[in-house]
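The values are calculated or read from the model by the stated rules, or taken from the named source; none is laboratory data. Keep in mind the model is a prediction, meaning the values are calculated, not measured. In this analysis, Cβ positions are derived from the backbone assuming ideal geometry, glycine residues included, and neighbour counts consider all displayed protein chains. The accessibility values were calculated without ligands, DNA or RNA, using every heavy atom of the protein model including side chains. Shrake-Rupley method; radii C 1.70, N 1.55, O 1.52, S 1.80 Å.
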Amino acid sequence: LGHDIHFHDKKIALLEAGPRKEYYQMPDSYSNRVSSISPGSATLLRSCGAWDHVCSLRFKPFRRMQVWDACSEAMIVFEKDDLDDMGYIVENDVIMSALTKQLDAVADRVEVLYRSRAVGYTWPLPSHSCDTSPWVQVELADGRRLQTKLLIGADGHNSVVRKKAEIKNVEHQYDQSAVVATLHLSEATDNNVAWQRFLPTGPIALLPLSDTASSLVWSTSHDHASELLTMDEESFVDSINSAFWSNINHSDFIDTAGAMFRSAISLLKPSGSAVRQLPPSVAKVDPESRAMFPLGMGHATEYVQHRVALIGDAAHRVHPLAGQGVNLGFGDIACLAHHLSAAAFNGSDLGSLKHLLKFETERQRHNVSLIAATDMLKRLYSTTLTPLVLLRTWGLQATNALPPVK
Amino acid sequence: QLSLFRFTVKRPLSTSHSSVDSKEVKKFQLLAHKWWDEEGEYAALHSMNDIRVPFIRDTLLSMTSNYHLGNPLSGIKILDVGCGGGLLSEPLGRLGASVTGIDPVEDNIRIADRHKSFDPVLAKRIQYKSSSLEEIVEESMETFDVIVASEVVEHVADLEMFIKCCSQVLKPEGSLFITTINKTQLSYVLGIVVAEKIMGIVPEGTHEWEKFVPPEELEHVLESNGFSVKTVNGMLYNPLLGSWGWMESTSLNYAVHAVKSGARGRSHPTDAPSETDIQQRSATAGTA
């Protein structure tokens, strides 16, 4: 918004709980919190000049994504026809640093209050007939008071803005935690493929960081996650390699059924099945890089109210299996910024429900199906029950063969 | 046959000859507190901003090469005649214009003043005054770059005098924007019967079909008072979506952009139109 021409005269305040994060050069070791940035999100970051900073710090493009089942041979490969980048693996710190730089560039319009916290909100009545201010009043921990025409809640899945605005949230805690770590590969490779295997306990993913390093995101039961965190480094590395390479969950029945289906497909569509590749093997884990956090799913029943809008995890929370969480948030931003820009150019009151509802409708339509699909995939792949394995095996194989469905 | 003759009720000429109709004043007084309820009685006027503000903004931008997209109407002095609660003044003020809003209903001005007071930027950019157009003519000769008279001319008692006064307070080559309702059988059915009595889109009694103004008549009055009509566009309200759009036909609502001629100081004496003039205009009105 600070870089939008129609916001030239507007004033924006950003309340950030954390400290200012700016890097001129990245440390040698990689951070264990990374995100898979879609091309669309990269475009958004490019539009405000942040992507250039990302490129000058560090990031890893990937060209292919291979997703496969632990219980069968079924797999699906995603790649662009023209061998373009499918996405980028970027450390969260890098994105933060890039955004900090671009915020500095519009400091006359955007004031960032680091290490700040809102302790109270006063909401306006919709059609005020009394003499109180029609704007949202925000009280900060340091006693300062701010008032605003539009409050945007981007405060994560435990959003206080959402709670105080009394917006109902449909939420569900998965009995899973994600384990993250920075891994070093056995040997250098192009490393431009993102790997994900669905184990019955949850998906394990290897995201490329460089020719020799990858980031781990392993969603599994809380107990197993704790185990993974406390076991010695060697056992940890063994578990990872075994998770990707072992066929212990295969059954003859499924293997045969899968093979039959695959031959059928190759008769109908010769190019429709590909050979399953194996991910690189892991040699070492970065000490201190192991961490875990619980997983859940959530969706706010409303994204907007008079003078309030929710974006990102405050509005919706998904399982990391699709690598979409942050991209949904960036999509929210692009949409809200578009509607606010048009509203500003029309001289509208920025907190007016009329354009906020347009944002809500557009994003809910997009997000709900993706969140539901992700949730369904999570449930579908959490079982070893033969009928469901068969269903998802054939489903995955068929999807891999049919470009439109893919 | 709704009407063959348009009975232009003219008040006897006096020093306080006014284009303000006192019956109209009373009507709006009753609803003054409803202006800023976006989903209330004035919802249709709120959503009209979605087309009338871009119309005004883009027309003005197209007439100049020196503007900033972040403050498109900066430096432009606008008079919002019949501003009501300030529904149109505020967006114009936000776009950078210096706006003077006038309205004969004191309660409207009070509401407008209070609403703008909470916004420090608008409080400085907009000035409201309870007044009729005639009353400010003397102190505001050729003062404004733009006059906006949106949903007003169908409420005035004397259209000719109203347009004359607009011309007097407008700078040469200044712009006049008018939105109003055509006087047709369709506008009676949809604009009065459906809009007021059936669907409640407009508070009942707001409009009198007799006072609706056909675009041909408006154009005639404008042209004969030193204006050059540049644009006439039909407008349509979609009650299901609650939104306005442009349309070819001007048989219902329409918007006009006219420009005052550049020659300075041409003032027309207030002459009463001749009998033949009245009948000629009525004839066209009846067959519209």
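Residues that are over 30 Å from the mean Cα position of the chain (by Cα) and loosely packed, with under 14 Cβ neighbours inside 10 Å: find the strands (runs of 3 or more DSSP E) completely inside the range A:111-197 holding 1 or more of those.
Hits in the range A:111-197: A:145-148.
Can you name the residue in the range B:59-96 that is in contact (Cβ under 8 Å) with a residue 24 or more places away in the chain and touching a Pro at 6+ places or on another chain (Cβ under 9 Å) and, of all such residues, is surrounded by the most Cβ atoms within 10 Å (Cβ to Cβ)?
B:Leu95
Report yes if A:Leu207 is buried (at least 16 other Cβ atoms within 10 Å of the Cβ) and either more than 14 Å from chain B (Cβ to nearest Cβ) or of a type in the set (S, T, N, Q) (or both), otherwise no. If you could, list the steps in order and put the result at the bottom.
Values: buried (at least 16 other Cβ atoms within 10 Å of the Cβ): yes; either more than 14 Å from chain B (Cβ to nearest Cβ) or of a type in the set (S, T, N, Q) (or both): yes.
Yes: the conditions hold for A:Leu207.
Search the range A:14-29 for residues being touching a residue at least 40 places away in the same chain (Cβ under 8 Å) and exposed (fewer than 13 other Cβ atoms within 10 Å of the Cβ), and hand back the single one that is farthest from A:Met96 (Cα to Cα). So that I can check it myself, show each step before the final result.
Step one: of the range A:14-29, the residues touching a residue at least 40 places away in the same chain (Cβ under 8 Å) are A:14-23, A:26, A:29.
Checking the rest, the ones that are also exposed (fewer than 13 other Cβ atoms within 10 Å of the Cβ) come to A:18-19, A:29.
On the way: A:Gly18: 11, A:Pro19: 11, A:Ser29: 17 Å.
Residue satisfying both the conditions and the ranking: A:Ser29.
Go through (1) over 25 Å from A:Gln397 (Cα atoms); (2) buried (at least 18 other Cβ atoms within 10 Å of the Cβ) for A:Arg262 and report which single condition fails.
Just one mismatch for A:Arg262, condition (1).
Please identify the pairs in which a residue from the range B:102-122 that is free of Cβ contacts under 8 Å to residues at least 12 places away in the same chain and among the basic types (Lys, Arg) has its Cβ atom under 9 Å from the Cβ atom of a residue that is outside any helix (DSSP H, G or I) and open to solvent by 20 Å² or more (accessible area, probe 1.4 Å), counting only partners at least 6 apart or on another chain.
Taking only residues 6 or more apart or on different chains, the pairs are B:Arg114/A:Asp131.
Among the residues of the range A:8-29, write down those that are farther than 21 Å from A:Gln137 by Cα and either away from chain B (no Cβ under 14 Å) or not in a loop (DSSP other than H, G, I, E, B) (or both).
Listed by number, the residues that qualify are A:Gly18, A:Pro19, A:Arg20, A:Lys21, A:Glu22, A:Tyr23, A:Tyr24, A:Gln25, A:Met26, A:Pro27, A:Asp28, A:Ser29.
Does B:Glu24 qualify as being modelled with pLDDT under 90, in a helix (DSSP H, G or I) and closer than 22 Å to B:Glu208 by Cα?
Yes.
Can you tell me which residue within the range B:68-95, out of those that are closer than 21 Å to B:Val156 by Cα and not in a loop (DSSP other than H, G, I, E, B), is farthest from the other protein chains (Cβ to nearest Cβ)?
B:Val81
Failed condition for B:Glu38, given (1) modelled with pLDDT under 95; (2) more than 12 Å from chain A (Cβ to nearest Cβ); (3) within 23 Å of B:Asn253 (Cα to Cα), with all others met?
Single failed check for B:Glu38: (2).
Among the listed residues B:Pro239, B:Pro203, which satisfies the condition of being buried (at least 16 other Cβ atoms within 10 Å of the Cβ) and of a type outside the set (Gly, Ala, Ser)? Can you show your working first?
Details: B:Pro239 fails: buried (at least 16 other Cβ atoms within 10 Å of the Cβ).
Of the residues listed, the single one that is buried (at least 16 other Cβ atoms within 10 Å of the Cβ) and of a type outside the set (Gly, Ala, Ser) is B:Pro203.
Can you tell which of A:Val112, A:Val138, A:Val106 is at pLDDT 95 or above, touching a Ser or Thr at 6+ places or on another chain (Cβ under 9 Å) and over 25 Å from A:Ala300 (Cα atoms)? Spell out the reasoning first.
Details: A:Val138 fails: over 25 Å from A:Ala300 (Cα atoms); A:Val106 fails: touching a Ser or Thr at 6+ places or on another chain (Cβ under 9 Å).
Exactly one residue qualifies, and that residue is A:Val112.
For the range B:25-35, give me the residue count where each residue is within 10 Å of another protein chain (Cβ to nearest Cβ) and open to solvent by 50 Å² or more (accessible area, probe 1.4 Å). Break it down stepwise before answering.
So the first thing to find is which residues in the range B:25-35 are within 10 Å of another protein chain (Cβ to nearest Cβ), and the list is B:33-35.
Next cut, open to solvent by 50 Å² or more (accessible area, probe 1.4 Å) only: B:33-34.
Qualifying residue count, the range B:25-35: 2.
From the list B:Val137, B:Val148, B:Val156, B:Val152, pick out the single residue that is among the aliphatic types (A, V, I, L, M) and part of a strand (DSSP E or B).
Criteria check complete, one pass: B:Val148.
Would you mind telling me which numbered condition in (1) small (Gly, Ala, Ser); (2) open to solvent by 20 Å² or more (accessible area, probe 1.4 Å); (3) modelled with pLDDT under 80 B:Ala43 fails?
All conditions are met except number (3).
If B:Glu196 passes every condition in (1) in contact with a helix residue (DSSP H, G or I) (Cβ under 9 Å, 6 or more places away or on another chain); (2) of a type in the set (Asp, Glu); (3) at pLDDT below 90 but one, which one does it miss?
(1)
What's the number of the condition B:Gln127 fails, among (1) within 14 Å of chain A (Cβ to nearest Cβ); (2) not in a loop (DSSP other than H, G, I, E, B)?
(1) is the only condition that B:Gln127 fails.
B:Ile178 passes all but one of (1) surrounded by fewer than 23 Cβ atoms within 10 Å (Cβ to Cβ); (2) closer than 21 Å to B:Leu60 by Cβ; (3) modelled with pLDDT of 95 or more; which number fails?
(1)
Let me confirm something: among B:Ser98, B:Ser22, B:Ser47, which residue is among the polar types (S, T, N, Q) and within 13 Å of chain A (Cβ to nearest Cβ)? Steps first, please.
Values: B:Ser98 fails: within 13 Å of chain A (Cβ to nearest Cβ); B:Ser22 fails: within 13 Å of chain A (Cβ to nearest Cβ).
Only one candidate qualifies: B:Ser47.
What residue, among those in the range A:225-263 that are over 32 Å from the mean Cα position of the chain (by Cα) and without any contact (Cβ under 8 Å) to a residue 60 or more places away in the chain, is farthest from A:Ala70 (Cα to Cα)?
A:Ser263
Please find, within the range A:295-347, the residue that is nearest to B:Asp58 (Cα to Cα) out of those that are within 14 Å of another protein chain (Cβ to nearest Cβ) and part of a helix (DSSP H, G or I).
Of everything passing the filter in the range A:295-347, A:Phe345 is nearest to B:Asp58 (Cα to Cα).
I'd like to know if the range A:240-255 contains one or more residues that are touching a Phe, Trp or Tyr at 6+ places or on another chain (Cβ under 9 Å), part of a helix (DSSP H, G or I) and open to solvent by 40 Å² or more (accessible area, probe 1.4 Å).
We begin by selecting, within the range A:240-255, every residue touching a Phe, Trp or Tyr at 6+ places or on another chain (Cβ under 9 Å); these are A:240, A:243-244.
Now restrict to residues that are part of a helix (DSSP H, G or I): A:240, A:243-244.
When the remaining residues are screened for being open to solvent by 40 Å² or more (accessible area, probe 1.4 Å), the result is none.
Within the range A:240-255 (the criterion being touching a Phe, Trp or Tyr at 6+ places or on another chain (Cβ under 9 Å), part of a helix (DSSP H, G or I) and open to solvent by 40 Å² or more (accessible area, probe 1.4 Å)), the answer is no, since none of the residues qualifies.
Please find, within the range A:30-50, the residue that is least open to solvent (accessible area, probe 1.4 Å) out of those that are in a strand (DSSP E or B) and of a type in the set (Val, Ile, Thr).
A:Ile37
Looking at the range B:103-124, can you tell me whether even one residue there is among the aliphatic types (A, V, I, L, M), under 29 Å from B:Ser224 (Cα atoms) and surrounded by fewer than 24 Cβ atoms within 10 Å (Cβ to Cβ)? Full working, then the answer.
So the first thing to find is which residues in the range B:103-124 are among the aliphatic types (A, V, I, L, M), and the list is B:105, B:109, B:111-112, B:121-123.
Going one step further and asking which of them are under 29 Å from B:Ser224 (Cα atoms), we end up with none.
Scanning the range B:103-124 turns up no residue that is among the aliphatic types (A, V, I, L, M), under 29 Å from B:Ser224 (Cα atoms) and surrounded by fewer than 24 Cβ atoms within 10 Å (Cβ to Cβ).
Looking at A:Ile89, A:Ile95 in this structure, which one is touching a strand residue (DSSP E or B) at 6+ places or on another chain (Cβ under 6 Å) and open to solvent by less than 40 Å² (accessible area, probe 1.4 Å)?
Details: A:Ile95 fails: touching a strand residue (DSSP E or B) at 6+ places or on another chain (Cβ under 6 Å).
Just a single option satisfies the conditions, and that option is A:Ile89.
Conditions tested, residue by residue: (1) within 30 Å of A:Arg392 (Cβ to Cβ); (2) not polar (S, T, N, Q).
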residue	(1), (2)
A:Val138	no, yes
A:Ser159	no, no
A:Ile167	no, yes
A:Gln173	yes, no
A:Thr189	yes, no
A:Ile204	yes, yes
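Take the range A:350-384 and flag every residue that is within 14 Å of chain B (Cβ to nearest Cβ), modelled with pLDDT of 95 or more and open to solvent by 30 Å² or more (accessible area, probe 1.4 Å).
Across the range A:350-384, the qualifying residues are A:Leu357, A:Lys358, A:Thr361.
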